[in-house]
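The values are calculated or read from the model by the stated rules, or taken from the named source; none is laboratory data. Predicted model, so just to flag it, every value in this text is computed and none were measured. Glycine gets a Cβ as well: all are built from the backbone with ideal geometry, and neighbour counts include every protein chain shown. Side chains are part of the model used for accessible areas, which takes the heavy atoms of the whole protein and leaves out ligands, DNA and RNA. Shrake-Rupley method; radii C 1.70, N 1.55, O 1.52, S 1.80 Å.
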Amino acid sequence: MRTVSLMLLLCLLQGMLYANVVNAASNTDSATKHLTVERLWQMQRIGSPVVSDDGKYIVAPVTGYDVKTDKASTRLWLFSADGKQQRPLTIDGQRASEPVFSPDGKTLAFISQRHNDDAGQIYLLAMDVPGEAQRLTEVPTGVHGLKWRGKHLYFISRVWPEKSWDEMAAQLKADKDDKVSAMQWNALPYAHFDHYLDEDRQAHLFRIAATASATNAAATNSREVQPLTQPLGRQLPRSSQSASSYDVDSNEQYLAFNANGWDNQVDAKIDIFLSRIGSDTAENLTKDNVAPDSDPTFSPDGKSLAFSRQQIHGFYADTARLMVYDLAQKTSRVVTSTWDRSVSSFIWANDGRGFYASIDDAATRRLYYIDAKSGKARAITKETSFSQPVQAGNSLIATNDSFMYPARLVKVDPRSGKTTRLDNFNDEILSEVELGSYESVTYKGAEGKDIQMWVHYPPGFDKSKKYPLLMLIHGGPHNAFTNSFSYRWNSQTFASWGYVTAWPNFHGSSGFGQDFADAINPDWRTRPLADIQAATQWFENQSWIDTERMVAGGASYGGYLTSILLGTEHPYKALLIHAAVYNMYSQMAADFAVHSTRFGYYWDKPELYTAISPHYFAADFNTPTLVIHGQHDLRVPVGQGFELFRTLQSRGVESRMIYFPDENHWILKPNNSIYWYHEVKAWFNRFAKPGPN
């Protein structure tokens, strides 16, 4: 009998061992099908498309990454409107950006840094003649913001306004060889996002004659470059500038550009100036508006100038209204006077009767057509997000992405919204991936207002079981979680860890109207916190959420609000706080002011900062917290992260600080990103076991 019992016990143990092995193998196999961070870095990333005027050619930059070398390579790819062609135009292993077509569509210009180039230069590639691209410029300070109008290529360069090109080249070499690394400023701005600004250099607009054929371009050099804004005594905005900072009409008669409209550099007033090319004067078209006017864009016939206008100085999420200036009548009118959505990324329709725009609209970026006379806006697309539209005959070419797939190149019917895909990038990767699912829900937030929230479910989600919750809090604060694909905080990657993930668009989020966005100013704390608390309660009421396994995190403003949560009673077992605005006083070291322009400095309104700065609530910090920050973050300086970490350590709260000496506000390098995802996952796994119970 004892022998039989032992044999039965042995068989039982063997069966249990076999079951465990099978389950482990099954779990491992399932994990290999998830959208891991490693797979994210295998994907090709499509940028803004351009189309030749005849619609024959479609070109877009496509960026890939080599994780082994930690480097990126951007190639220009050629596509056809019928989706039958997809081939690279430029060589692998180098960067090519900002493609633009000549008016006749026979030549493609782009920016690249090749061979012995010390900075990015303009290259020309003949579309109908086989061969290599030829360099057009030798601008020592480099070029960006490229446009092709008529017989010229227009570009921006940050120059020393009093020096010749040869003197600038010598200055750059001297600076490179100089053993003194000090910089000095006597006025703002001193930085932008992740780099410091040289006070002596200015951003100016230039043009150079374009050759008829790229094969004849090699002899052109910087001595043939014509300055356009220097003779006007105006520089482009100091902090940042791009191709959207200016425009030239198709006949090359007029130049419209952004510049600071007053002497105050602390709070610049971005205006639009208009000048005849070759003139030494420029007229400020928007001097009576105290808020930014941006994106100057000439109509196809050159008779009108469209632009975006905000009206509240110091409120970057103020609704941007579409304006049109009549050059002959010298009058401006509001096109979208009654529409409660911002128009800041638009193009004229080819017939000049309206506009196409990608609009941040209730948690989705949709393509809209806007009538130029009535201002009536008509949605073209619906469920997923579309960006960067350009017109190709009777169709639009744009990028399209969603939570479930990265940006694709598509052709869109502007009447029906029907889309036709033009590329096949990343299909092989996604074919091997088991994705989760998502839905949009609405709950009652602060003061009983409706709050939209995305809920993502892990692959194989079963409502009869209980899952841990990961609450994500977006940055901005005037941004939104849209139905889009993100590489830095990917919803499907987070969900694949075995968590239900929440993405609420709380008060202050963009895309829900002016009142909703401005509802958190100047009090960043009260309504968004109430919205997060209400979202938490919504999940606590769901039968499939394990309330003992809930974690939360956010970055930038999302880090701010998570820091507020840290000092408030809450049910979360652990927190992630990335690049957070933790101390509203020391945020004065950032590259731009948050509240001071509109609501006053902390010495003027100390009671405001006392009420909303997270560091004032440190006495109640007691939740395990992972703090992450990058050294090159000048939007939220790295000291904020170390202040928070020292506070947590001083209070005896379990905490960890991850510091990236070579990253900015975002974690952008492949290996650092992979490390970031794995560390965040491990941190949450410690305090909230993943997967169903």
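Kindly express, to the nearest 10 degrees and within the range 0 to 90, the angle between helix 670-687's C-alpha long axis and the longest C-alpha principal axis of the chain.
Once rounded, one gets 30 degrees.
Taking H placed 1.01 Å from N in the peptide plane, check which residues at least 5 places from Gly354 or on another chain put their amide H under 5 Å from its amide H.
When sequence neighbours closer than 5 places are left aside, the close amide H contacts are Ala349, Ala372.
Give the span of region 451-491's Cα atoms along each principal axis, as three whole-Å numbers ordered largest to smallest.
Computed over the Cα atoms, the extents are 37, 23, 15 Å.
Roughly speaking, what is the centre-to-centre gap between region 326-365 and region 34-109 when only Cα atoms are used, to the nearest Å?
Between the Cα centre of region 326-365 and that of region 34-109, the gap is 28 Å.
How big, in percent, is the set of alpha carbon pairs in region 555-599 lying more than 17 Å apart?
Numbers: 389 of 990 pairs.
Here the long-distance tail beyond 17 Å is 39 percent of all Cα pairs in region 555-599.
For the chain, with the dipole built from +1 on Lys and Arg beta-carbon atoms and -1 on Asp and Glu ones, taken about the Cα centre, which of Asn583, Pro237, Ala282 lies farthest toward the positive end?
Positive-most Cα among the choices belongs to Asn583.
Show me, for region 255-272, the HN-Hα J-couplings you get by feeding each phi into the Karplus relation (A = 6.51, B = -1.76, C = 1.60, θ = phi - 60°), rounded to Hz, glycine and proline as x.
Calculated HN-Hα couplings, in order: 10, 10, 8, 8, 7, 5, x, 9, 7, 5, 8, 5, 10, 4, 10, 7, 10, 10 Hz.
Measure up Lys151/Lys411; Lys573/Lys689; Lys176/Lys669; Lys56/Lys411; Lys106/Lys147; Lys68/Lys669 against 19 Å on the Cα-Cα distance and list the ones that go over. Write down the numbers at each step before the final one.
Working: Lys151/Lys411 29 Å; Lys573/Lys689 11 Å; Lys176/Lys669 25 Å; Lys56/Lys411 13 Å; Lys106/Lys147 15 Å; Lys68/Lys669 11 Å.
In this structure, Lys151/Lys411; Lys176/Lys669 lie more than 19 Å apart at Cα.
If the viscosity is 0.692 mPa s and the temperature 37 °C, what Stokes-Einstein diffusion coefficient in µm²/s follows for region 266-393 when Rh is the Kirkwood radius over Cα pairs? All intermediate terms of the calculation are to be shown ahead of the outcome.
Numbers: Rh = 15.4 Å.
Roughly 213 µm²/s, to the nearest whole number.
Which values, in whole Å and largest first, are the semi-axes of the equivalent ellipsoid of the chain obtained as the square root of 5 times each eigenvalue of the Cα gyration tensor? Walk me through the intermediate numbers first.
Details: eigenvalues 412, 190, 138 Å².
Over the Cα atoms of the chain, the ellipsoid semi-axes are 45, 31, 26 Å.
Taking every DSSP beta bridge that has both residues in the chain, what percent is antiparallel when rounded to the nearest 5?
Working: 112 of 136 bridges.
Taking every DSSP beta bridge with both residues in the chain, the antiparallel ones total about 80 percent.
Could you pull the accessible area for Leu146 with a 1.4 Å probe, rounded to 10 Å²?
10
Can you tell me how region 576-632 classifies by the Cα gyration tensor, rounded, prolate or oblate, using a/c under 1.5 as the rounded cut?
Working: a/c = 3.34, a/b = 1.37, b/c = 2.44.
Oblate, since a/c reaches 1.5 and b/c is not below a/b.
Scan region 116-176 for GluC sites (Glu not before Pro) in coil per DSSP, keeping those whose Cβ has at most 14 other Cβ atoms within 10 Å, and list them by number. Mind showing how you got there, number by number?
On the way: sites: Glu132, Glu138, Glu162, Glu167; in loops: Glu132, Glu138, Glu162.
Passing sites in region 116-176 are Glu132, Glu162.
Counting only protein heavy atoms and a 1.4 Å probe, tell me what percentage of the chain's accessible area is made up of carbon and sulfur. Working shown, then result.
Working: 15030 of 30670 Å².
Looking at the chain in its full context, I get 49 percent from C and S.
Relative to the longest principal Cα axis of the chain, at what angle does helix 526-540 sit, 0 to 90 degrees, rounded to 10?
Taking Cα atoms only, the helix is inclined about 40 degrees.
How big is the gap, in Å, between the Cα center of region 367-434 and the Cα center of region 482-558?
Distance between centres, Cα-based: 26 Å.
Under 8 Å for C-alpha pairs, at least 6 residues apart: give me the relative contact order for region 543-591, rounded to a whole percent. Display every interim value, and only then the final one.
Values: 61 pairs, mean separation 19.7, N = 49.
Once divided by the residue count of region 543-591, the mean separation gives 40 percent.
Once phi is turned into θ = phi - 60°, what whole-Hz ³J(HN,Hα) does the Karplus curve with 6.51, -1.76 and 1.60 give for every residue of region 79-94, x standing for Gly and Pro?
My calculation for region 79-94 gives 10, 10, 5, 8, x, 8, 10, 7, 8, x, 9, 10, 6, 6, x, 10 Hz in order.
With all protein chains present, calculate the accessible area of Met183 using a 1.4 Å probe and round the result to the nearest 10 Å².
Result for Met183: roughly 100 Å² accessible.
What's the Cα-based Rg to Rh of region 132-211, Rh via Kirkwood? List each step's numbers first, then the result.
Details: Rg = 15.0 Å, Rh = 14.6 Å.
Reported Rg/Rh (Cα atoms, Kirkwood Rh): 1.02.
Measure nothing fancy, just the Cα-based angle from helix 165-177's long axis to the longest principal axis of the chain, in degrees from 0 to 90, nearest 10.
Tilt relative to the chain: about 30 degrees.
Which order do Phe621, Phe516 take when ranked by solvent-accessible area (1.4 Å probe, heavy atoms of all protein chains), largest first? Show your work: numbers first, answer last.
Numbers: Phe621 0, Phe516 35 Å².
Largest accessible area first, the list is Phe516, Phe621.
How much accessible area per residue does the chain have, counting only protein heavy atoms and a probe of 1.4 Å, in square angstrom?
In whole numbers, the chain has 44 Å² accessible per residue.
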